[in-house]
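First up is the structure itself, then whatever we jot down about it.
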Amino acid sequence: MTRELTTPEALDLRMTSLLLRPHPSIRPGGVAEVVQWFGAMQAQDLASGLWSLGARLPGQSVADVQAALERREALRTWPMRGTVHLVPPADARWMLELTGVRSLAGAATRRAQLGLSEADADRAVDVLGTALAGGGRLTRAQCLAALREAGIGTDGQRGYHLLWYASVRGVTCVAPNLGTEQTFALLDEWAPESRQLERDEALALLAHRYVRGHGPVTAREFAGWTGLTLTDARRGLAAADDLLSTVRVDDEPMHVDAALADTAPPPLDDMIVLPGFDEYLLGYRDRSLMLDPAHQAAVVPGNNGIFQATVVRSGRVVGVWKRTVGRTAVTVTVQPLTTLDAAARARVEQALGRYADFLGLPPRFDWLT
C-alpha cells in the first residue's frame, strides 16, 4: 500500500535518510560507514566534504576524518556528472564504468576547445600511470610537471582536463592532501580490492544506495544524481524494488528505503549547519522541499553552481554562512534568510559551535542582519 506523506513528514524521512537525524537501521561509527551508506558523497570542495562527514559523525574532529581518509576508508574521484565525489574504494571502478564513462562522451569536444588531441589525452594517461607506479602519490603540481616533461601542454585548463581524464578512465584517483596540496595515486594501488559487478547488478546497487541515502526521491532525481538516462534509472530502481517502498508526496509517487516505509518520526525543531557542497541540496534537482525558491539566489549566487553553506531548521534552509579560519579562531558570518529571534540565533550559534569544535578552534560570530 502506498503511503501518503505531508511535506513535513517527507522532510522527516529525507533528513533521516541523509543521516542528519537518527536512523533506525544504522548508527555510523566512521567515515567508511557514512560513505558506504550514500554510495557517493559530493566532495569537489575538500573542506566541504570533510564537514559533510563531520556533520554525520558527532564527536569526530577534522583530524579524525582526515586520518580515516589516509586509512583509505574512502577515496575521491569523478564517478558522476564530471564532479568529484567520495566513494567506497572497492566500488570506485564499477561506478566509473557505469556512470563516469557517460561524462567521457563530451570529452572530445572539450579537448578540441583546449587544443588537445585524443592521442595527447591517452599519452597523458600513460605518463601519469608510469609516474605514479609503485604505490606512491604525487601532488597536482608534480603530476603536471611530469606531463610537461613528456611534452604535453598543461596551460589553461589543459592540465585539469588531463587529470580528470586519467581518473575517469580508472587509472588514477584523488588521494588525501599533503598539507594544502591535492595529490593523486593509481586507483589499482590505492584500492586494490575492487568489486566487479554486472551492469544490472550495478544499477540495482546504486539505485538502492541513492534511495536509502536521499529518499523520498523519484526516478528523475536518481537519473539527475547519477547522470544516467531515465531508462537506466528506472531499470535500476525496478531491479532494487524488493528493498524499496513507495510513498506519495504532493500526489507524486516517490521511492523510499523499505526500512523507513513504516517509520513515522515525530517532527523535530532541529537546527543544523551544513557545508555548501552537501548531499542535502546537491543530491537533488528539485530542492523545493528544503529550499524556498525565493532564497535560491542567496544559496547559489549567480546560479553558477557554487553553493553557500546553509543553516537548516526543521529541514528548511533558513540562512547561509561563511567561515574564515584563522590561527586562533574561526570567524563565522551568518546571513539569515528568514526571521530568527534571539533564541533561534542562540541555537544557530550552538550548531556552529559544533563545527568550530570539529576544527578544534573557538568560534566568533558575525550576524549580517
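The values are calculated or read from the model by the stated rules, or taken from the named source; none is laboratory data. Predicted model only: the values in this text are computed from it and were never measured. As a convention, Cβ positions derive from the backbone with ideal geometry for all residues, glycine included, and neighbour counts pool all protein chains shown. These accessible areas exclude ligands, DNA and RNA; they are computed on the full protein's heavy atoms, side chains included. Shrake-Rupley method; radii C 1.70, N 1.55, O 1.52, S 1.80 Å.
Summary of values
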item: Mean Cβ neighbour count within 10 Å, used as a protection proxy, ranking 83-90, 173-180 highest first; result: 83-90, 173-180
item: Accessible carbon and sulfur surface of the range 1-74 relative to its total accessible area, %, 1.4 Å; result: 53 percent
item: Rounded percent of accessible protein surface that carbon and sulfur make up, the range 143-189, 1.4 Å probe; result: 47 percent
item: Accessible solvent surface per residue of the chain, calculated while the other protein chains remain in place, 1.4 angstrom probe, Å²; result: 43 Å²
item: Over the chain: helical MRE at 222 nm, DSSP H runs n ≥ 4 each giving -39500 (n - 2.57), nearest 500; result: -11500 deg cm²/dmol
item: Global form of the range 242-369, assessed from the alpha-carbon gyration tensor, a/c cut-off 1.5; result: prolate
item: For the chain, built as a Gaussian network whose Cα springs stay under 10 Å, the top-fluctuating residue of LEU268, LEU147, LEU19; result: LEU268
item: In order through the range 294-302: 3J(HN,Hα) via Karplus (6.51 cos²θ - 1.76 cosθ + 1.60), integer Hz, x for Gly, Pro; result: 5, 9, 4, 5, 6, 7, 10, x, x
item: Amide H contacts under 5 Å for THR172, placed H, 5+ residues apart; result: SER167, LEU187
item: For the chain, size of Cβ-based charge dipole, Lys and Arg +1, Asp and Glu -1, in debye; result: 760 debye
item: Restricting the range 129-231 to GluC sites (Glu not before Pro) in coil, as DSSP defines it, with at most 11 other Cβ within 10 Å; result: GLU193, GLU198
item: Solvent-accessible area, 1.4 Å probe, carbon plus sulfur percent, for the range 282-326; result: 50 percent
item: Segments 204-216, 102-114 sorted - mean Cβ within 10 Å per residue, highest first; result: 204-216, 102-114
item: In sequence order, calculated HN-Hα J values of the range 280-293 (Karplus, 6.51, -1.76, 1.60; Hz; x Gly/Pro); result: 4, 10, 6, x, 9, 8, 8, 10, 5, 4, 9, 10, 5, x
